[in-house]
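A short worksheet on the structure shown next.
Each value in this text was obtained by applying a stated rule to the coordinates, not by laboratory testing. Keep in mind it's a predicted model, so treat the numbers as computed, not measured. FYI the Cβ positions are ideal-geometry reconstructions off the backbone, even for glycines, and counts take in every protein chain you see.
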Amino acid sequence: MPGKMKAAVVEAFGETLVLREWNIPTPGPGQILVRTEACGVCHTDLHAARGDWPAKPTLPFIPGHEGIGVVVALGPGVTAVKEGDRVGVPWLFSACGHCEHCLSAWETVCAEAEFGGYTRNGGFAEYILADPNYVAHIPAGLEAAEAAPIICAGITTYKGIKETEARPGECIVISGAGGLGHLAIQYAKAMGLQVCAVDIDDGKLAHATRLGADVVVNAKGDDPAQAVRKATGGGAHGVRITAASLPAFKQGIAMTRKRGTCVLVGLPPGEVPLPLFSVMADCITVRGSFVGNRQDMAEALAFAARGQVKADIEFQPLSAINAVFDRLQKAEVPSRVVLDFAGS
Ligand code: NAD
Ligand code: ZN
Ligand code: ZN
């Protein structure tokens, strides 16, 4: 499909994105072309555009890994989807399919994995090239914009909750009640957990309460870990950190109950010292969690399709991306911004 599309492009790390024309890609063998309807804006897109992490994307690139749209063209040999299907092009863009990690449904850590909006161009554009074997299949009845935050924020928080191994009736801390966190509160309640939400913004904490959090703690207080330990009678069985700030990680480990699990999801640049004595003496597990596999994706979307989880969305046009990044950086986005391509 020849022609031009509008895209928001990172041309230099740390600079504003450039709104420009880009060639509409042609799907090669085993690829598909998706016409974007909506794309969520994740804090990861901001890390990508700033070049925050050790492995950086090659410039120029198009961010966005919550892109939802309709399949409009198939390359040769594609059978996994058909034209007209609604799909999502997630962070896990593709993987090798045959290494030990792929074989055990841990394709997220495949050495050959490609990442949407990072090593492959993403959804801040009117069209996205995708691998049909790794796209999210959007359930009927779920609007494109409703599905967008689920394919990164939703799946990542859902998987992160599972990785805490907290059981129904037990306590979980959701630290960072932003894009990922506001969905995590809803998943955790739907999974039968008691939820303690932690953030530095009172507005986000008030929203957390509206979403069903049983307890809220402002991390700007004197000793947020002490407040959580008091509220949970000795710490939470599971702690899941999606704050994009380093102090939250040390605090989160101190919020974990003896023999509990602290799952690290947020990715601010830098390193966190581990308090060895308490981690060992309290037999705490500290575990990283990275998006989720394709089965997690189907499950995360099913919660949304059933109405148990609903993203709070603020619509913006693609042209507003730099203002959105600015607000995300200052933690001023209430929950999730979704770029709306309907009018484009
Ligand atoms: P966001 O900006 O919407 O939310 C971050 C929240 O953290 C904000 O509400 C902010 O107020 C809060 N916060 C800041 N300091 C805090 C503190 N000390 N304690 C508690 N909360 C604090 O960002 P998002 O889109 O939800 O992404 C969050 C992080 O998760 C980012 O670093 C992103 O890159 C990362 N992420 C990781 C994965 C993964 O697979 N591991 C996937 C997606 C996003
Ligand atoms: Zn993301
Ligand atoms: Zn692999």
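Quick look at the numbers
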| quantity | calculated |
| --- | --- |
| R0 of 45 Å, Cβ-Cβ distance Ala55-Thr79: FRET efficiency to nearest 0.05 | 0.90 |
| Cut-off 14 Å, label 7 Å out along Cα→Cβ of Phe13, residues of the stretch 256-283 by amide N | 269-270 |
| Farthest toward positive dipole pole in the chain [+1 Lys/Arg, -1 Asp/Glu at C-beta], among Ala8, Ile313, Pro60 | Ile313 |
| Relative contact order of the stretch 200-324, pairs being alpha-carbon contacts under 8 Å that are 6 or more residues apart, as % | 16 |
| Helix-only [θ]222 nm of the chain, DSSP H runs n ≥ 4, -39500 (n - 2.57) each, per residue, nearest 500 | -7500 deg cm²/dmol |
| Candidates Pro60, Pro273, Pro132: whichever shows maximal mean-square fluctuation once the chain is modelled as a Gaussian network with Cα springs under 10 Å | Pro273 |
| Longest segment of the chain lacking trypsin sites (Lys or Arg not before Pro) that sit in a DSSP loop with at most 11 other Cβ atoms within 10 Å | 83-219 |
| Sequence of Leu301, Leu92 once ranked by neighbouring C-beta atoms within 10 Å, starting from the fewest | Leu301, Leu92 |
| Modelled FRET efficiency - R0 22 Å, Lys310 with Arg167, Cβ distances, 0.05 increments | 0.35 |
| For the chain, convex hull volume per residue from C-alpha positions, Å³ | 127 |
| Cα gyration tensor of the stretch 154-288 - equivalent ellipsoid semi-axes, whole Å, descending | 19, 16, 15 |
| FRET efficiency for Val286 and Lys4, using Cβ-Cβ distance with R0 set to 41 Å, rounded to 0.05 | 0.30 |
| Amide hydrogen neighbours beyond the local backbone of Asp199, cut-off 5 Å, H modeled | Gly176, Val217, Ala219 |
| Ranking of Ser175, Ser335 by count of other Cβ atoms within 10 Å, fewest first | Ser335, Ser175 |
| Sequence-distant residues sharing a close amide H with Asn293 (under 5 Å, placed H) | none |
| Percentage relative contact order, the stretch 58-118, counting C-alpha pairs under 8 Å, at least six apart | 35 |
| Restraint check, Lys4/Lys204; Lys159/Lys258; Lys189/Lys330, Cα-Cα greater than 32 Å | Lys4/Lys204 |
| Taking only Cα atoms of the stretch 33-165, radius of gyration then Dmax in Å | 14.4, 43 |
| For the chain, the longest site-free run once GluC sites (Glu not before Pro) in DSSP loop states with at most 16 other Cβ atoms within 10 Å are removed | 166-270 |
| Cross-link partners of Lys162 among aspartates and glutamates (Cα-Cα below 20 Å; sequence separation of 8 or more within a chain) | Glu107, Glu170, Asp214, Asp296, Glu299 |
| Angle between the chain longest axis and helix 179-190 axis [Cα atoms, degrees, rounded to 10] | 60 |
| The chain, relative contact order [Cα under 8 Å, separation at least 6], % | 18 |
| Linear extension gain, Gln329 paired with Val72, 0.36 nm per residue minus alpha-carbon span | 89.1 nm |
| Gyration tensor over alpha-carbon atoms, the stretch 1-54, equivalent ellipsoid semi-axes in Å | 24, 14, 12 |
